[in-house]
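Enquirer: Pasting a structure below so you can have a look.
What follows draws every value from the coordinates through simple rules; no lab data is involved. Since we're looking at a predicted model, the values are computed, not measured. Reconstructed Cβ throughout: ideal geometry from the backbone, glycine too, with neighbour counts over all protein chains shown.
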Amino acid sequence: MKIRSLFFLMVICFSCSKTTPRKPINPKPSSTILKETISASKVLNEAEDAKIIALIQKDSTKTYITSPNGFWYTYLNKVEEDIPTPQAGQEVTFSYNITDLNDVVIYSTEELGIKKYKIDKEDFIAGIQKGIKLMKIGETITFVIPSYNAFGISGDGNKIAINQSIKSTVTLLNIN
């Protein structure tokens, strides 16, 4: 009986030895692949930007402003009064549509309806998120948004294709 107990105690003590970590099955991607992906993305983004700039230059009826956030915009209705713009955490109400760069409607204002959005607290189209912060109540702005600030490499899974630049006309209705 003592031998069994001693044997059992030894098994317990020696089975608790250090475990060696397992190596991952899939090794990390090489830095070469990462660099190639970044280079390809830069080329794609530059091509998109060039296409948008060419489109803007052809539209002599409007004055477009380049945003430091990676999109362009033009006022359709500008409010000159000194009214505050939305700040982080505030909820805004707005209407918007989405078209392609040739103004073919992808999603109409009626289809999308009135949107309530909490500034910087909800996930939404990046270009519009940043653009709304520039707006005053009553203003209408058309944003020209490259894919990397819109739906990116995945599209929306419905009507917006992968790597598709979009235009969106937004009217800010209220800031709560």
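Enquirer: Counting alpha carbon pairs within less than 8 Å and at least 6 residues apart, what relative contact order, in whole percent, applies to segment 95-176?
Expert: Value for segment 95-176: 36 percent.
Enquirer: What aspartates and glutamates does K51 reach when the alpha-carbon gap must be under 16 Å and sequence neighbours fewer than 8 apart in one chain are set aside?
Expert: Hits, sequence-local ones excluded: D59, D100, D103.
Enquirer: Taking only DSSP H segments of four or more residues, each worth -39500 (n - 2.57), what value at 222 nm results for the chain once the sum is divided by all its residues, to the nearest 500 deg cm²/dmol?
Expert: Calculated from helices alone, the mean residue ellipticity at 222 nm is -9500 deg cm²/dmol.
Enquirer: Loop only by DSSP, 11 or fewer other Cβ within 10 Å of the Cβ. Give me the GluC sites (Glu not before Pro) in segment 83-134 that pass, ordered by residue number.
Expert: Numbers: sites: E91, E110, E111, E122; in loops: E122.
Here the sparse-neighbourhood loop sites are E122.
Enquirer: Rank-order 36-43, 132-139 by packing density, defined as the average count of other C-beta atoms within 10 Å over each peptide's residues, highest first.
Expert: So the order, starting with the most tightly packed, is 132-139, 36-43.
Enquirer: Please compute the contact order of the chain in relative form: average sequence separation of alpha-carbon pairs under 8 Å and at least six residues apart, divided by the residue count, as a percent. Intermediate values should be presented prior to the final figure.
Expert: Values: 263 pairs, mean separation 41.3, N = 176.
So the answer I get is 23 percent.
Enquirer: A further question follows. Too long at a 30 Å Cα-Cα cut-off: which of K35/K58; K2/K23; K78/K118; K58/K116; K58/K133?
Expert: Going by Cα-Cα distance, K35/K58; K2/K23; K58/K116 fall outside the 30 Å limit.
Enquirer: Taking semi-axes √(5λ) of the Cα gyration tensor in Å straight from the coordinates, which label in (i) 53, 24, 14; (ii) 34, 17, 14; (iii) 22, 18, 16 is the correct one?
Expert: (i)
Enquirer: So if we plug the beta-carbon distance of K58 and D120 into 1/(1 + (r/R0)^6) with R0 = 45 Å, what FRET efficiency do we get, rounded to 0.05?
Expert: 0.85
Enquirer: If you don't mind, there's one more thing I want to ask. Can you find, among M10, Y117, S147, the residue farthest towards the positive end of the dipole of the chain? Put +1 on the C-beta of Lys and Arg, -1 on that of Asp and Glu.
Expert: M10
Enquirer: Moving on. Go ahead and set up a Gaussian network model of the chain, Cα springs under 10 Å, then flag whichever of T32, T61, T20 fluctuates most.
Expert: It is T20.
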